[in-house]
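For reference, the structure is listed below as C-alpha coordinates.
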Amino acid sequence: MIELQTPTNDLVDKYIDQFNNDERYYPADQAIINLFDAFPDNKKLEDILLKLSVINDLYSTNILGTFKMAKHIQQCDIDKGLKTGDPDIVHQIATGHDIRTKKNNKEINFYSFATKYCNWHNRDNYAIYDSFVDKVLMAYKRKDKFSTFRQSDLKDFSKFKKIIEDFADHYNLTRHNLKEIDKFLWIYGKEKFPASYDKKE
(Lines give C-alpha, C1' and ligand atoms only; values in the text may rest on other atoms or scores of the structure.)
Protein backbone atom coordinates (compact mmCIF):
# COMPACT_ATOMS: atom_id res chain seq x y z
CA MET A 1 0.00 0.00 0.00
CA ILE A 2 1.52 3.30 -1.10
CA GLU A 3 1.39 6.01 1.55
CA LEU A 4 0.38 9.42 0.26
CA GLN A 5 0.96 12.65 2.14
CA THR A 6 -1.96 15.04 2.39
CA PRO A 7 -1.26 17.79 -0.16
CA THR A 8 -0.56 21.20 1.36
CA ASN A 9 0.82 24.42 -0.07
CA ASP A 10 4.15 23.66 1.60
CA LEU A 11 4.27 20.12 0.21
CA VAL A 12 3.53 21.41 -3.29
CA ASP A 13 6.26 24.03 -2.89
CA LYS A 14 8.71 21.32 -1.83
CA TYR A 15 8.13 19.28 -4.99
CA ILE A 16 8.07 22.30 -7.29
CA ASP A 17 11.48 23.26 -5.86
CA GLN A 18 12.64 19.69 -6.51
CA PHE A 19 11.50 19.97 -10.14
CA ASN A 20 13.05 23.43 -10.57
CA ASN A 21 16.38 22.22 -9.22
CA ASP A 22 16.53 19.11 -11.38
CA GLU A 23 19.46 19.38 -13.78
CA ARG A 24 17.51 17.85 -16.65
CA TYR A 25 13.80 18.61 -16.33
CA TYR A 26 13.95 22.31 -15.47
CA PRO A 27 16.30 23.29 -18.36
CA ALA A 28 14.21 21.19 -20.74
CA ASP A 29 11.05 23.00 -19.66
CA GLN A 30 12.72 26.39 -20.01
CA ALA A 31 14.05 25.53 -23.46
CA ILE A 32 10.58 24.57 -24.66
CA ILE A 33 9.00 27.67 -23.09
CA ASN A 34 11.53 29.86 -24.91
CA LEU A 35 10.91 28.04 -28.18
CA PHE A 36 7.12 28.35 -27.97
CA ASP A 37 7.40 32.02 -27.00
CA ALA A 38 9.54 32.59 -30.10
CA PHE A 39 7.16 30.63 -32.40
CA PRO A 40 3.67 31.02 -30.89
CA ASP A 41 1.68 30.42 -34.08
CA ASN A 42 0.84 27.22 -35.90
CA LYS A 43 0.44 28.42 -39.47
CA LYS A 44 3.87 27.52 -40.88
CA LEU A 45 4.66 23.84 -41.16
CA GLU A 46 8.33 24.43 -40.34
CA ASP A 47 7.43 26.16 -37.05
CA ILE A 48 5.17 23.28 -36.04
CA LEU A 49 7.80 20.71 -37.01
CA LEU A 50 10.38 22.49 -34.88
CA LYS A 51 8.17 22.61 -31.78
CA LEU A 52 6.89 19.07 -32.25
CA SER A 53 10.39 17.66 -32.75
CA VAL A 54 11.75 19.32 -29.61
CA ILE A 55 8.89 18.01 -27.46
CA ASN A 56 9.25 14.59 -29.01
CA ASP A 57 12.99 14.50 -28.31
CA LEU A 58 13.08 16.00 -24.81
CA TYR A 59 9.94 14.29 -23.53
CA SER A 60 9.88 11.03 -25.51
CA THR A 61 6.31 11.39 -26.71
CA ASN A 62 6.75 8.60 -29.26
CA ILE A 63 5.49 10.51 -32.29
CA LEU A 64 7.08 8.47 -35.06
CA GLY A 65 5.38 10.27 -37.96
CA THR A 66 6.43 13.79 -37.02
CA PHE A 67 5.76 15.23 -40.48
CA LYS A 68 2.30 13.66 -40.59
CA MET A 69 1.50 15.02 -37.12
CA ALA A 70 2.81 18.48 -38.04
CA LYS A 71 0.61 18.56 -41.14
CA HIS A 72 -2.35 17.46 -39.04
CA ILE A 73 -1.77 20.27 -36.51
CA GLN A 74 -1.41 22.82 -39.30
CA GLN A 75 -4.73 21.72 -40.79
CA CYS A 76 -6.52 21.95 -37.44
CA ASP A 77 -6.15 25.78 -37.39
CA ILE A 78 -5.73 25.84 -33.61
CA ASP A 79 -4.27 29.27 -32.79
CA LYS A 80 -7.49 31.05 -31.81
CA GLY A 81 -8.66 28.11 -29.71
CA LEU A 82 -5.30 27.80 -27.96
CA LYS A 83 -5.43 31.43 -26.86
CA THR A 84 -8.85 30.97 -25.28
CA GLY A 85 -8.01 27.60 -23.73
CA ASP A 86 -10.55 25.67 -25.79
CA PRO A 87 -10.44 22.08 -24.46
CA ASP A 88 -11.51 20.68 -27.83
CA ILE A 89 -8.11 21.60 -29.26
CA VAL A 90 -6.54 18.77 -27.24
CA HIS A 91 -8.83 16.23 -28.85
CA GLN A 92 -8.45 17.72 -32.33
CA ILE A 93 -4.70 17.19 -32.11
CA ALA A 94 -4.91 13.79 -30.42
CA THR A 95 -7.46 12.01 -32.57
CA GLY A 96 -7.24 13.34 -36.11
CA HIS A 97 -8.03 10.63 -38.63
CA ASP A 98 -4.74 11.09 -40.47
CA ILE A 99 -2.54 10.51 -37.43
CA ARG A 100 -4.32 7.69 -35.63
CA THR A 101 -2.44 4.42 -35.58
CA LYS A 102 -3.07 0.93 -34.29
CA LYS A 103 -0.98 -1.23 -31.99
CA ASN A 104 -1.94 -4.81 -31.17
CA ASN A 105 -5.28 -4.14 -32.92
CA LYS A 106 -6.03 -1.29 -30.49
CA GLU A 107 -6.37 2.24 -31.78
CA ILE A 108 -4.06 4.69 -30.05
CA ASN A 109 -4.35 8.42 -30.04
CA PHE A 110 -1.92 11.05 -28.87
CA TYR A 111 -3.78 12.58 -25.94
CA SER A 112 -0.75 12.94 -23.67
CA PHE A 113 1.27 14.56 -26.45
CA ALA A 114 -1.64 16.86 -27.30
CA THR A 115 -1.90 18.07 -23.71
CA LYS A 116 1.83 18.86 -23.77
CA TYR A 117 1.62 20.70 -27.08
CA CYS A 118 -1.30 22.80 -25.84
CA ASN A 119 0.29 23.37 -22.43
CA TRP A 120 3.38 25.07 -23.78
CA HIS A 121 1.22 27.38 -25.87
CA ASN A 122 -1.03 28.31 -22.94
CA ARG A 123 0.27 27.18 -19.56
CA ASP A 124 -2.56 28.88 -17.66
CA ASN A 125 -5.31 26.80 -19.25
CA TYR A 126 -3.87 23.42 -20.24
CA ALA A 127 -2.60 20.80 -17.81
CA ILE A 128 -0.44 17.88 -18.92
CA TYR A 129 -1.85 14.37 -18.71
CA ASP A 130 0.39 11.35 -18.28
CA SER A 131 0.36 8.07 -16.38
CA PHE A 132 1.98 9.58 -13.26
CA VAL A 133 -0.72 12.23 -12.99
CA ASP A 134 -3.36 9.58 -13.68
CA LYS A 135 -2.10 7.29 -10.92
CA VAL A 136 -1.72 10.06 -8.33
CA LEU A 137 -5.18 11.47 -8.95
CA MET A 138 -6.74 8.01 -8.77
CA ALA A 139 -4.83 7.23 -5.57
CA TYR A 140 -5.98 10.45 -3.89
CA LYS A 141 -9.53 9.82 -5.06
CA ARG A 142 -9.48 6.43 -3.33
CA LYS A 143 -7.84 7.90 -0.24
CA ASP A 144 -9.77 11.14 0.28
CA LYS A 145 -12.63 11.12 -2.26
CA PHE A 146 -11.67 14.66 -3.29
CA SER A 147 -13.83 14.43 -6.45
CA THR A 148 -16.26 12.10 -8.18
CA PHE A 149 -14.95 10.77 -11.48
CA ARG A 150 -14.03 7.65 -13.38
CA GLN A 151 -10.51 6.92 -14.58
CA SER A 152 -11.66 7.28 -18.17
CA ASP A 153 -12.66 10.89 -17.39
CA LEU A 154 -8.97 11.76 -17.09
CA LYS A 155 -8.73 11.32 -20.86
CA ASP A 156 -11.53 13.80 -21.50
CA PHE A 157 -9.69 17.09 -21.26
CA SER A 158 -12.59 19.22 -19.95
CA LYS A 159 -13.21 16.69 -17.19
CA PHE A 160 -9.48 16.25 -16.55
CA LYS A 161 -8.97 19.98 -15.98
CA LYS A 162 -12.01 20.11 -13.67
CA ILE A 163 -10.62 17.15 -11.67
CA ILE A 164 -7.34 19.00 -11.12
CA GLU A 165 -9.28 22.10 -10.06
CA ASP A 166 -11.28 19.93 -7.64
CA PHE A 167 -7.98 18.56 -6.31
CA ALA A 168 -6.65 22.07 -5.67
CA ASP A 169 -9.90 23.20 -4.07
CA HIS A 170 -10.26 20.14 -1.84
CA TYR A 171 -6.76 20.53 -0.39
CA ASN A 172 -6.93 24.35 -0.34
CA LEU A 173 -3.87 24.76 -2.56
CA THR A 174 -4.33 28.51 -2.79
CA ARG A 175 -0.77 29.53 -3.66
CA HIS A 176 -0.47 27.56 -6.89
CA ASN A 177 -1.63 27.86 -10.46
CA LEU A 178 -2.55 25.03 -12.83
CA LYS A 179 1.02 24.61 -14.11
CA GLU A 180 2.42 24.33 -10.57
CA ILE A 181 -0.20 21.78 -9.51
CA ASP A 182 0.66 19.84 -12.66
CA LYS A 183 4.37 19.84 -11.78
CA PHE A 184 3.55 18.61 -8.28
CA LEU A 185 1.33 15.79 -9.54
CA TRP A 186 3.98 14.67 -12.02
CA ILE A 187 7.05 14.69 -9.78
CA TYR A 188 5.18 13.28 -6.78
CA GLY A 189 3.71 10.58 -9.01
CA LYS A 190 7.17 9.81 -10.39
CA GLU A 191 8.37 9.26 -6.83
CA LYS A 192 5.41 7.14 -5.76
CA PHE A 193 4.85 5.17 -8.97
CA PRO A 194 8.32 4.91 -10.55
CA ALA A 195 7.36 2.05 -12.88
CA SER A 196 5.12 4.39 -14.93
CA TYR A 197 7.91 6.30 -16.60
CA ASP A 198 6.34 7.82 -19.72
CA LYS A 199 6.28 11.59 -19.49
CA LYS A 200 9.78 12.95 -19.25
CA GLU A 201 12.09 10.13 -20.23
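The values are calculated or read from the model by the stated rules, or taken from the named source; none is laboratory data. None of these values were measured; they are calculated from a predicted model. Because the Cβ atoms are built from the backbone with ideal geometry, glycine has one as well, and the counts that use them run over all protein chains shown. Surface areas here come from the heavy atoms of the whole protein model, side chains and all, with no ligands, DNA or RNA. Shrake-Rupley method; radii C 1.70, N 1.55, O 1.52, S 1.80 Å.
Some notes on this structure:
- The apolar share of the surface of the chain, taken as the fraction of accessible area on carbon and sulfur atoms (1.4 Å probe, ligands and nucleic acids excluded), comes to 47 percent.
- Choice from Tyr111, Tyr140, Tyr129 with maximal GNM fluctuation in the chain (Cα, 10 Å cutoff): Tyr140
- Among Lys51, Lys179, Lys68, Lys143, the order of accessible area from largest down is Lys68, Lys143, Lys179, Lys51, computed with a 1.4 Å probe on protein heavy atoms.
- Extension gain (nm, one decimal) between Ser60 and Lys43, 0.36 nm per residue minus Cα-Cα: 3.7 nm
- Residue among Gly189, Gly81, Gly65 with the largest mean-square fluctuation in a Gaussian network model of the chain, springs linking Cα atoms under 10 Å: Gly65
- Potential lengthening of the chain between Asp22 and Thr6 amounts to 3.4 nm, from the contour at 0.36 nm per residue minus the alpha-carbon distance.
- Charge dipole of the chain about the Cα centre (unit charges at C-beta), most positive-ward option of Ala31, Ile181, Gln75: Gln75
- Only helices enter this figure: runs of n ≥ 4 DSSP H residues, each worth -39500 (n - 2.57), summed and divided by the residues of the chain, yield -18000 deg cm²/dmol at 222 nm to the nearest 500.
- Whole-angstrom Cα spans of the chain along principal axes, big to small: 45, 37, 31
- In order along the range 43-60, the Karplus-derived 3J(HN,Hα) couplings, from 6.51 cos²θ - 1.76 cosθ + 1.60 at θ = phi - 60°, round to 9, 8, 4, 5, 5, 5, 4, 4, 5, 4, 5, 5, 4, 4, 6, 6, 10, 6 Hz, and Gly and Pro are given as x.
- Computed E for Ser158/Asp13 - FRET, C-beta separation, R0 30 angstrom, nearest 0.05: 0.60
- The 1.4 Å probe gives accessible areas that order Glu191, Glu180, Glu23, Glu46, largest first, as Glu23, Glu46, Glu191, Glu180.
- With θ taken as phi - 60° and the Karplus curve 6.51 cos²θ - 1.76 cosθ + 1.60 applied, the whole-hertz 3J(HN,Hα) list for the range 149-157 is 6, 9, 4, 5, 5, 5, 9, 10, 4 Hz, x standing for glycine and proline.
- Helix 66-76 vs. the chain, principal-axis angle (Cα, 0 to 90°, nearest 10): 90
- Of the residues Arg142, Arg24, ranked by 1.4 Å probe accessible area with the largest first, the sequence reads Arg142, Arg24.
- Full extension of the chain between Asp79 and Phe67 yields a length gain of 2.4 nm, computed as 0.36 nm times the residue separation minus the alpha carbon distance.
- Comparing mean-square fluctuations of Leu64, Leu137, Leu11 from a GNM of the chain with C-alpha springs under 10 Å, the top value falls on Leu64.
- Average accessible surface for the chain: 51 Å² per residue, computed with a 1.4 Å probe over protein heavy atoms with every protein chain in place.
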